[in-house]
Amino acid sequence: MWPVAVWRLLRVFGHILRGLLIVYWRMRGVDERQRMALTQDWATRLLAAMGIELVVHGTPHAGAKLVVANHISWLDIMAIDAVVPARFVSKAEVGRWPLVGKLVTAAGTLYLQRERRRDAMRVLGLMSQALQQGSTVAVFPEGTTGSGHGVLPFHANLLQAAIDAKVPVQPVSLRYSDISESISSRAAYVGDTTLLQSLWWVVSSRGMTVHVTILAPQAVSHADRRSLAASLQDLVDSAIPG
């Protein structure tokens, strides 16, 4: 597979450069709808460049919403953006990644300084404001990546943004498969794996598919965030094949 993998890598780097051109020449002065359309198109093309097939089950809720999903890989952002483009909440280090950080920032990402205990409150306020203005915001409540087998406990803190803004929560279940595994180990970005290692495993895989299952939106009226987190965790986990 290495000749195919090398070709895919060249396509990926070419697409990243194209994305930087979009950031510097087309995203200046665009409104939220136009930015999300550009983001969705770019994410869809990047998945294709890596040889990843996108399979979608379900339809996103129209209008403002908080998307919550299980977290397996850096690929998750592209997979969700290709289906329901959103402003993500991410750790601040992502914004400092070479090349990719510029693209993630241009997509309207809200960065969380994890080392600052009070920063979550600042980000929560920005999330609520964005939701009230009609945006779609996305978070990974597990707070870290997993293997794809099941879901880690959902943290409740950032769910408060949807409750404060009075917008529904849209649970999304992600699963990666390849020609040899129904839950691909090559997609998981865990442990001491570097970004370049992960990228190589992805582009050198055969038949990798990302399955995006969009579950029914959940109302948040009078919701308790901890109970909501547990309910969302169960919904997302139940959508992953056992």
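Along the axis of the charge dipole computed for segment 181-242 (Cβ charges of +1 for Lys and Arg, -1 for Asp and Glu, origin at the Cα centre), the listed residues Ala230, Gln197, Thr213 are led at the positive end by Gln197.
Let me know the shape class of segment 55-172, please: from the alpha-carbon gyration tensor, a ≥ b ≥ c as square roots of the eigenvalues, rounded when a/c is under 1.5, otherwise prolate if a/b is greater than b/c, or oblate. Intermediate values should be presented prior to the final figure.
Working: a/c = 1.21, a/b = 1.02, b/c = 1.19.
Since a/c stays below 1.5, the shape of segment 55-172 is classed as rounded.
In a simple Cβ point-charge model (Lys, Arg +1; Asp, Glu -1; nothing else charged), segment 17-57 has a dipole of about 200 debye relative to its Cα centre.
Report, to the nearest 10°, how far helix 2-25 tilts away from the longest principal axis of the Cα atoms in the chain, using its own Cα long axis and a range of 0 to 90°. For 2-25 against the chain, the angle is about 50 degrees. Only Lys, Arg, Asp and Glu carry charge here, each on its Cβ (+1 for the first two, -1 for the last two); on that basis segment 1-116 has a dipole of about 300 debye about its Cα centre.
Leaving out ligands, DNA and RNA, and with a 1.4 Å probe, what % of the accessible surface on segment 32-144 is carbon or sulfur? Working shown, then result.
On the way: 2620 of 5000 Å².
On segment 32-144, the fraction of accessible area on carbon and sulfur atoms equals 53 percent.
Protein heavy-atom accessible surface, 1.4 Å probe, per residue over the chain: 49 Å². When +1 charges are put on Lys and Arg Cβ atoms and -1 charges on Asp and Glu Cβ atoms, the dipole computed for segment 106-242 relative to its Cα centre reaches about 340 debye.
Each Lys or Arg adds one and each Asp or Glu subtracts one; over the other residues with Cβ under 9 Å from the Cβ of Ser184, this totals 0.
Between the Cα long axis of helix 119-132 and the first principal axis of the chain there is an angle of about 90°, rounded to the nearest 10.
State whether segment 1-130 is rounded, prolate or oblate according to the following rule on the C-alpha gyration tensor (a ≥ b ≥ c being the square roots of its eigenvalues): a/c under 1.5 gives rounded; otherwise a/b larger than b/c gives prolate, and the remaining case gives oblate. Could you put the intermediate results ahead of the total?
Numbers: a/c = 1.55, a/b = 1.44, b/c = 1.07.
The shape class here is prolate.
Packing, taken as the mean count of other beta carbons within 10 Å per residue, orders the peptides 159-172, 180-193 from highest to lowest as 159-172, 180-193.
Considering only Val84, Ala48, Met36, the residue lying farthest towards the positive end of the dipole of the chain is Met36, judged by Cα position with unit charges set on Cβ.
Shape analysis of the chain yields a ratio of the Cα radius of gyration to the Kirkwood radius, Rg/Rh, of 0.95. As I understand it, the dipole of segment 1-129 uses +1 on the Cβ of Lys and Arg and -1 on the Cβ of Asp and Glu, about the Cα centre. Which of Leu66, Ala120, Phe13 lies farthest toward its positive end? After comparing all options, I get Ala120. Rg/Rh for segment 165-234 (Cα atoms only, Rh after Kirkwood) is 1.14.
The values are calculated or read from the model by the stated rules, or taken from the named source; none is laboratory data. From a predicted model like this one, the values you see are computed outputs, not experimental measurements. Note: ideal-geometry Cβ built from the backbone for every residue, glycine included; neighbour counts use all protein chains shown. Surface accessibility is based on the protein's heavy atoms, side chains included, excluding ligands, DNA and RNA. Shrake-Rupley method; radii C 1.70, N 1.55, O 1.52, S 1.80 Å.
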